[in-house]
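The values are calculated or read from the model by the stated rules, or taken from the named source; none is laboratory data. Since the structure is predicted, the reported quantities are computational estimates derived from the model, not experimental observations. Cβ sites come from the backbone with ideal geometry, for glycine too, and all protein chains shown count toward neighbours.
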Amino acid sequence: MNKTVVRDIILVGVILAVSLSLILITRTNAKDGKELVITVDGGIYGAYPLDKDARIEINGAEGKLVVMIEDGKAYVVSSTCAGQDCVHSKPVSHAGERIICLPNRVILQIKGDNGADVVI
Amino acid sequence: MKRSACVILSIITVFIFTACAKTPGRYSITFTDVFDTVTDFIAYCGSEDEFNKAAEALHGELLRLHRLYDIYNEYDGIVNLAYINRTASAAPVAATDEITSILQAGKDFCRDTGGRLNVFAGAVFSVWHGYREAGTGVPSDNELEEAAAHVSPELVHISGGAVSFTDGNLKIDVGALAKGEASRRAALLLGKIGIKDYMLNIGGNVTVSGRKPEGLWKVGVQDPDGEGLFTKVSVSDTSVVTSGDYQRFYEYNGRKYHHIIDLQTLYPADGYRSVTVICENQQAADALSTALFLMSVEEGTELLKRYGAEALWIKADGQAVRSEGFSRYE
């Protein structure tokens, strides 16, 4: 084979390898441990790692919520809302799962990679 | 020849790489003030400004439809379903196309489902709604049977843009259609303002349009027992809707009472944990997910064929049944 052709092939190979590794680096950087993200009225209230137990007090749109993180699961201990749907919701631990308190406009969501844009 | 091929390949590689860098941004927003649920909007747009404008227009449209289809509150200057429920037995009420068309669709779905899906059975649903809100107790048979005497679609007349009832106890409740209809109208609006690649989720009613830069949209279907995802579907230009017994419910004396009421037993339907429907028509997808929850898999299969839709049933015992073409999305 002609030397120039060999060099061109190597060049193409290098460009492809660089492109691919850049894509891979961007992908892996996005991956991390699961965390509980709390939003109030659309704004981020805080993000908490699920592997660390915590007690979180939230000032919602109408009143207060108390959230616990325990053994990798998050749940609402108490809320001042009328319906108490959030308190009755099952603990969440999987990526995409949510607990919602509509009166307080509070959303607790587990962030993590489950490969889905939305969970219904 | 070979050399030029190599050069062309290099140019293509560089081109692909720079094209990636220009990928439109992914933006998202969540609303908590429409349809008593959470709404997510994710879109790929050229700029944040473009997204914010689209999100604002979308929010305005959803709020407008939410008020029109609201059966619990009336609003100044709006003829909505709450107002119609209160007054349409006394005199015909002039209503907008958003209302007359959803009521007409309600009549069609009621006929197509042999009365299983009945948006005119608000009298029965409101009895359960009251107990669900209180979070305790169950209605008496008497209470339910009395309400069930006022659910016939024949008692509702739509003529010349006006709605009237010939029964003072009849109530409309478009809970099984409103989110689908709102999704349909929202999609029209987003198309008009030039947003092509997006996902809209109105409380379990998902509409997807176009694609993400990396491919199809991925919709996860929750495991009814709360153990992560049951499955994932990859979709484009269609809608995916799940009705589940875990979405709205209360517990009383150790039993769960959810929000999908079977008009034959007048109790929450107990055949399935969830039903997921994939259908291009947003309104049909929404209606079918509830309708299939209220009938056998065989009857549901017949209905799906009529709408060119696919479904995944997760039965009460946890067994999953898929319609013929469902798995090609998984």
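Structural remarks
- The set of residues in region B:275-301 that are without any contact (Cβ under 8 Å) to a residue 60 or more places away in the chain, within 21 Å of residue B:179 (Cα to Cα) and among the charged types (D, E, K, R) contains only B:280.
- Residues that are within 16 Å of the chain's Cα centre (by Cα) and not charged (D, E, K, R) within region B:305-324 comprise B:307, B:309, B:311, B:312, listed in sequence order.
- Scanning region A:105-120 for residues that are out of contact with any helix residue (DSSP H, G or I) (no Cβ under 8 Å at 6 or more places or on another chain), assigned to a loop (DSSP other than H, G, I, E, B) and more than 8 Å from chain B (Cβ to nearest Cβ) yields one hit, A:112.
- On the stretch given as region B:140-150, residues that are assigned to a helix (DSSP H, G or I) and surrounded by 12 or more Cβ atoms within 10 Å (Cβ to Cβ) total 6.
- Test: residue in region B:186-202 that is within 9 Å of chain A (Cβ to nearest Cβ) and crowded, with 17+ Cβ neighbours inside 10 Å: yes
- For region B:236-249, filtering for residues that are surrounded by fewer than 18 Cβ atoms within 10 Å (Cβ to Cβ) and more than 9 Å from chain A (Cβ to nearest Cβ) leaves 3.
To keep it simple, each residue is scored yes or no on (1) outside any helix (DSSP H, G or I); (2) touching an Asp or Glu at 6+ places or on another chain (Cβ under 8 Å); (3) more than 27 Å from residue B:131 (Cβ to Cβ).
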{"position": "B:292", "(1), (2), (3)": "no, no, no"}
{"position": "B:300", "(1), (2), (3)": "no, no, yes"}
{"position": "B:314", "(1), (2), (3)": "yes, no, no"}
{"position": "B:324", "(1), (2), (3)": "yes, yes, yes"}
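- Qualifying residue in region B:21-39 (condition: farther than 24 Å from residue A:104 by Cα, within 14 Å of chain A (Cβ to nearest Cβ) and free of Cβ contacts under 8 Å to residues at least 24 places away in the same chain): yes
- Checklist (1) surrounded by 23 or more Cβ atoms within 10 Å (Cβ to Cβ); (2) within 17 Å of residue B:203 (Cα to Cα); (3) out of contact with any Ser or Thr (no Cβ under 7 Å at 6 or more places or on another chain) applied to residue B:313, failing item: (2)
- For region B:170-222, filtering for residues that are at pLDDT 95 or above, in contact with a strand residue (DSSP E or B) (Cβ under 9 Å, 6 or more places away or on another chain), under 22 Å from residue B:258 (Cβ atoms) and part of a loop (DSSP other than H, G, I, E, B) leaves 2.
- Top-ranked residue in region B:190-211 [being touching an Asp or Glu at 6+ places or on another chain (Cβ under 7 Å) and not aliphatic (A, V, I, L, M); ranked as nearest to residue B:241 (Cα to Cα)]: B:205
- Failed item in (1) within 14 Å of chain A (Cβ to nearest Cβ); (2) more than 24 Å from residue B:35 (Cβ to Cβ); (3) charged (D, E, K, R); (4) in contact with a Ser or Thr (Cβ under 9 Å, 6 or more places away or on another chain), with residue B:225 passing the rest: (4)
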